[in-house]
């Protein structure tokens, strides 16, 4: 090989290396369950941050020493079922409140397993997604325990070291909790829907600079009005919703005579299943609940408000928001025309689960 060929080869190697470095730089390795074990603060996870939420939840379940308590709308992910089964076989106490769950025979027969079906009652759903491990580690968010929700759809879950929060999840009651230097509130709906909606409205009304909302279904008239009023007083308000329920949101905006210019639609092939908001980079609102009047007043839901967001938490939320913004757009003329010609039920009768 002559010098010229060697130089060409060297250039090719350098270019290839730079390309590989660029690829890995764009897709940094996400947090794992080990991150949670090493940290004292709440950890935010999302599949948008190259994080395997299915494995993280499996690891959390497998890490239990004594008991597991779960409230879940849909539990169909085989690997999570396997982790629960192994814990039952290890004679740890397992309690599952569920609406959709094809129960493995081993769990049905185990004396240390309590299974409580909560079937739908009319339009009412048991829509929570809250997990307590050993009464000290709490996990909750927008993701159902399904392959689609954990691996494809856009979702967020939080892992928190808090015996106070675990107690609230187990007893299904609202209350305060703390994690290191952070304070939080946990709301259970529908029983505490009035104080929950007031808390959401208060956070929006007292925002100083920015409000970011990522929501699968957004139709609650009071919340929409509060967001619009915040925008009018100079707050930078950004809202991204899923396309599947965008017509309901825009119909509500039209009924309230509010311009839709601060609302964008998810354009990614996966569903935007998030139910979170970030206020002033200081406060996170998250949980299982879509921001619609029917869900606040009807479903079994949970909502968390976490204060004093840390640097690491804000970095993660910015990463999630950047990805959402990259795959979103303002409504087109076609979207508006579809709204006008759409014949449908009143907004509150159509809302999503």
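The values are calculated or read from the model by the stated rules, or taken from the named source; none is laboratory data. These numbers come from a predicted model, not from an experiment. So basically every Cβ, Gly included, is an ideal-geometry build from the backbone, and we count neighbours across all protein chains shown.
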Looking at 209, 108, can you tell me which residue is surrounded by fewer than 20 Cβ atoms within 10 Å (Cβ to Cβ) and in the same structural domain as residue 308 (by TED's automatic domain parsing)? 209
Hey, residue 169 buried (at least 16 other Cβ atoms within 10 Å of the Cβ) and in a helix (DSSP H, G or I) or not: yes
Given the stretch 182-268, what helices (runs of 4 or more DSSP H) lie entirely inside it while holding 2 or more residues that are out of contact with any strand residue (DSSP E or B) (no Cβ under 7 Å at 6 or more places or on another chain) and more than 18 Å from residue 294 (Cα to Cα)? 193-205, 221-232
Every residue from the stretch 316-353 that is at pLDDT 50 or above and either under 30 Å from residue 195 (Cα atoms) or assigned by TED's automatic domain parsing to the domain that holds residue 166 (or both): 316, 317, 318, 320, 321, 324, 353
For residue 186, all conditions in the list (1) surrounded by 15 or more Cβ atoms within 10 Å (Cβ to Cβ); (2) touching a helix residue (DSSP H, G or I) at 6+ places or on another chain (Cβ under 9 Å); (3) farther than 30 Å from residue 115 by Cβ hold save one; what is the number of the exception? (3)
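For (1) in the same structural domain as residue 143 (by TED's automatic domain parsing); (2) farther than 21 Å from residue 46 by Cβ; (3) surrounded by fewer than 18 Cβ atoms within 10 Å (Cβ to Cβ), each residue gets a yes or a no:
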{"residue": "224", "(1), (2), (3)": "no, yes, no"}
{"residue": "230", "(1), (2), (3)": "no, yes, no"}
{"residue": "236", "(1), (2), (3)": "no, yes, yes"}
{"residue": "250", "(1), (2), (3)": "no, yes, no"}
{"residue": "270", "(1), (2), (3)": "no, no, yes"}
{"residue": "276", "(1), (2), (3)": "no, no, no"}
Got a sec? Which strands (runs of 3 or more DSSP E) wholly within the stretch 29-119 have at least 2 residues that are more than 27 Å from residue 312 (Cβ to Cβ)? 67-75, 93-101, 113-117
